[in-house]
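Structure, as structure tokens:
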Amino acid sequence: NAGVTQTPKFQVLKTGQSMTLQCAQDMNHEYMSWYRQDPGMGLRLIHYSVGAGITDQGEVPNGYNVSRSTTEDFPLRLLSAAPSQTSVYFCASSYRSGQNTGELFFGEGSRLTVL
Amino acid sequence: GDSVTQMEGPVTLSEEAFLTINCTYTATGYPSLFWYVQYPGEGLQLLLKATKADDKGSNKGFEATYRKETTSFHLEKGSVQVSDSAVYFCALRGTGRRALTFGSGTRLQVQP
């Protein structure tokens, strides 16, 4: 059981470049989300989705786009990377019932550096 | 809005010492409370949770009690091991909300 899979694990970009962080889960979870982790700030929610075709903004959505065309995949797009987007990104998912308990299943993270 | 405050780390302990990591929260209504653990190079894993006041969550020797009167959810373990070295995050899910709000994390280092 793969769980939540994120790719790539590491990426270096130049300012202004674009890229997509991939996230896939094989647990048939309806809820998926992206967080960024920065030193001293914990995890902050970027975007989330409660099902295919439905997305919404979190706490820090600027500079990021998402889409949810299938239940399994939830890619995060950086349209024009900035040094402020240097961070570790985590994808997390949960069952619909998990929305009441809050238990999230996390990927291993993607470390992004923007020069 | 909702917020979670954790004690700053790192916390350095010797093996078999008693651990307390403080967590307090601000939220309306009756949030659910969680502790997540992040081992080096890995994603976060749920350690324990409590969904209503006075509930005690427990797992792997760790415990935390949901105290509504003090808005706290402190993590405790009676005897830590080197393998407990990790970053611990306190989190809450507010009433009617889908996403979790995380604290800033507390790094625990256990020395043999």
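The values are calculated or read from the model by the stated rules, or taken from the named source; none is laboratory data. Source: prediction; values computed, not measured. No Cβ is skipped: glycine too gets one built from the backbone with ideal geometry, and neighbour counts run over all protein chains shown.
Taking only segment A:30-45 into account, find how many residues are over 22 Å from A:Gln85 (Cβ atoms) and either surrounded by 21 or more Cβ atoms within 10 Å (Cβ to Cβ) or at the interface with another protein chain (Cβ under 7 Å from one of its Cβ atoms) (or both).
Result for segment A:30-45: 1.
Please go through (1) at pLDDT 95 or above; (2) closer than 27 Å to B:Gly1 by Cα; (3) not small (Gly, Ala, Ser) for A:Val50 and return the number of the only condition it doesn't satisfy.
(1)
Which residue, of B:Leu75, B:Leu44, is touching a strand residue (DSSP E or B) at 6+ places or on another chain (Cβ under 6 Å) and under 30 Å from A:Asp56 (Cα atoms)? Steps first, answer last, please.
Numbers: B:Leu75 fails: under 30 Å from A:Asp56 (Cα atoms).
None of the others qualify; the one that does is B:Leu44.
Determine whether A:Cys23 is more than 10 Å from chain B (Cβ to nearest Cβ), among the hydrophobic types (A, V, I, L, M, F, W, C) and closer than 29 Å to B:Thr51 by Cβ.
yes
Considering segment B:1-17 alone, what residues qualify as being polar (S, T, N, Q) and either touching a helix residue (DSSP H, G or I) at 6+ places or on another chain (Cβ under 8 Å) or exposed (fewer than 14 other Cβ atoms within 10 Å of the Cβ) (or both)? Walk me through it before giving the result.
Our first condition is that a residue be polar (S, T, N, Q); within segment B:1-17, this holds for B:3, B:5-6, B:12, B:14.
Those that are polar (S, T, N, Q) and either touching a helix residue (DSSP H, G or I) at 6+ places or on another chain (Cβ under 8 Å) or exposed (fewer than 14 other Cβ atoms within 10 Å of the Cβ) (or both): B:Ser3, B:Thr12, B:Ser14.
So, in segment B:1-17, how many residues would count as being assigned to a strand (DSSP E or B) and more than 14 Å from every other protein chain (Cβ to nearest Cβ)?
Restricting attention to segment B:1-17, the residues satisfying the condition of being assigned to a strand (DSSP E or B) are B:3-6, B:11-14.
Now drop any that are not more than 14 Å from every other protein chain (Cβ to nearest Cβ), which leaves B:11-14.
Here the count works out to 4.
Looking only at residues in segment B:69-99 that are under 20 Å from A:Ser93 (Cα atoms) and among the hydroxyl-bearing types (Ser, Thr, Tyr), which one is modelled with the lowest pLDDT?
To start, the set of residues in segment B:69-99 that are under 20 Å from A:Ser93 (Cα atoms) comprises B:88-99.
Pick out the ones that are also among the hydroxyl-bearing types (Ser, Thr, Tyr) and you get B:88, B:95.
Working: B:Tyr88: 96, B:Thr95: 79.
Top of the filtered list is B:Thr95.
What are the residues in segment B:80-106 that are without any contact (Cβ under 8 Å) to a residue 24 or more places away in the chain and basic (Lys, Arg), if any?
B:Arg98
Could you figure out which of (1) within 15 Å of A:Gly109 (Cα to Cα); (2) at pLDDT 95 or above; (3) in contact with a Ser or Thr (Cβ under 6 Å, 6 or more places away or on another chain); (4) surrounded by 17 or more Cβ atoms within 10 Å (Cβ to Cβ) isn't true of A:Thr86?
Only one criterion in (1) within 15 Å of A:Gly109 (Cα to Cα); (2) at pLDDT 95 or above; (3) in contact with a Ser or Thr (Cβ under 6 Å, 6 or more places away or on another chain); (4) surrounded by 17 or more Cβ atoms within 10 Å (Cβ to Cβ) is unmet by A:Thr86, namely (4).
Sort out which residues of segment B:48-61 are over 16 Å from B:Thr101 (Cα atoms) and either touching a residue at least 40 places away in the same chain (Cβ under 8 Å) or of a type in the set (S, T, N, Q) (or both), and write them in order of number. Let's see the steps before the verdict.
If we filter segment B:48-61 for residues that are over 16 Å from B:Thr101 (Cα atoms), which is where we start, we get B:52-61.
Of everything in segment B:48-61, those that are over 16 Å from B:Thr101 (Cα atoms) and either touching a residue at least 40 places away in the same chain (Cβ under 8 Å) or of a type in the set (S, T, N, Q) (or both) turn out to be B:Ser58, B:Asn59.
Just to be sure, is A:Lys9 touching a residue at least 12 places away in the same chain (Cβ under 8 Å), away from chain B (no Cβ under 14 Å) and not polar (S, T, N, Q)? Can you show your working first?
Working: touching a residue at least 12 places away in the same chain (Cβ under 8 Å): yes; away from chain B (no Cβ under 14 Å): no; not polar (S, T, N, Q): yes.
No.
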